[in-house]
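Shown next, in structure tokens, is the structure this report addresses.
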Amino acid sequence: MTVRGLSKSFGSGPGRFWALTDIDLSLTPRTFTAIMGPSGSGKTTLLNCLLGLDKPDTGSVSIGGQNITRLDEAGLAELRRSRVGVVFQSYNLIPSLTVADNISLPLRLAGRRIDGRRVRELAEIVGVAATLQRRPSQLSGGQQQRVAFARALITDPELIVADEPTGALDTASSDVVLGLLRSIVSDLDQRALLVTHDPRAAAVADRVLFLSDGRWQGELRGATAGQISAALTDVGRRP
Ligand SMILES: Nc1ncnc2c1ncn2[C@@H]1O[C@H](COP(=O)(O)OP(=O)(O)OP(=O)(O)O)[C@@H](O)[C@H]1O
């Protein structure tokens, strides 16, 4: 996945506001990248541009070698359904469906064949194989988030985007979910993009990119939570 020279504004005339300016980003397979930045720095706008929910003013977003900024609505729907797996803070599982049916839902929506063996395999990888016939309400928050990861992986996407995936979890469940994301990247050859406010979560990534006022402010590789926290404070202080 490659982003080149991406800029995004809202409004027009004197009220025009640049939420993102000249953003470049490259995510290669088996890399785990975290994005951090103060509130209003442009993180959600960037994710929305990657998912085709917002159209950038300039620049390109290439996923699987295709510039998604040129896709029509049908192409963008297919992108979000099959080519990018997304996990949010709220697990967004369908309460009336079993865990197995929640995991296979993206395939059903895409009209693709459901491979029961693959559903079980992913459930095992994320550690919810014993819960396949239960409903989401019978699972803990951490278990529900693991189901959301299996659902994100079922279409074998080119990128996993996790937007505050540990925001609603306690420390122990957060650690499990972050360890899972880490192993998804290494064992399943995935690339992952994590947006988080939590330096402990970002420390699990290979590199952390800092965004402020819609521009990259720098990056850290292999940093501890303490180093990330200090860098974040520094970014927030810059004029
Ligand atoms: N639809 C919109 N219209 C006008 N301004 C917008 C719109 N969406 C976002 N913005 C502005 O763009 C800037 C970036 O917002 P964005 O939501 O991307 O920040 P964020 O880093 O995700 O913040 P948070 O951490 O609080 O979620 C903010 O100043 C916001 O007010």
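Every read-out reported here was derived from the displayed coordinates using simple, explicitly stated rules and does not represent laboratory data. Quick caveat, the model's predicted, so the values are computed rather than measured. In this analysis, Cβ positions are derived from the backbone assuming ideal geometry, glycine residues included, and neighbour counts consider all displayed protein chains.
A convex hull fitted around the alpha carbon atoms of the chain yields 126 Å³ per residue. For the chain, adding -39500 (n - 2.57) for each run of n ≥ 4 DSSP H residues and dividing by the number of residues yields -10500 deg cm²/dmol at 222 nm.
Each peptide in 30-43, 208-221 receives the mean, over its residues, of other Cβ atoms within 10 Å, and ordering these scores from highest gives 30-43, 208-221. Each label point was placed 7 Å from the Cα along the Cα-to-Cβ direction; for Ser183 and Asn92 their separation is 2.5 nm. Think of the chain as a dipole: +1 on every Lys or Arg Cβ, -1 on every Asp or Glu Cβ, centred on the Cα centre; then among Asn48, Leu107, Met1, Leu107 lies furthest on the positive end. Given +1 at the Cβ of Lys and Arg, -1 at the Cβ of Asp and Glu and no other charges, the dipole of the chain around its Cα centre is 300 debye to the nearest 20. P(r) for the range 135-188, from all Cα pairs and a bin width of 5 Å, is 4, 19, 31, 25, 15, 5, 0 %, short bins first.
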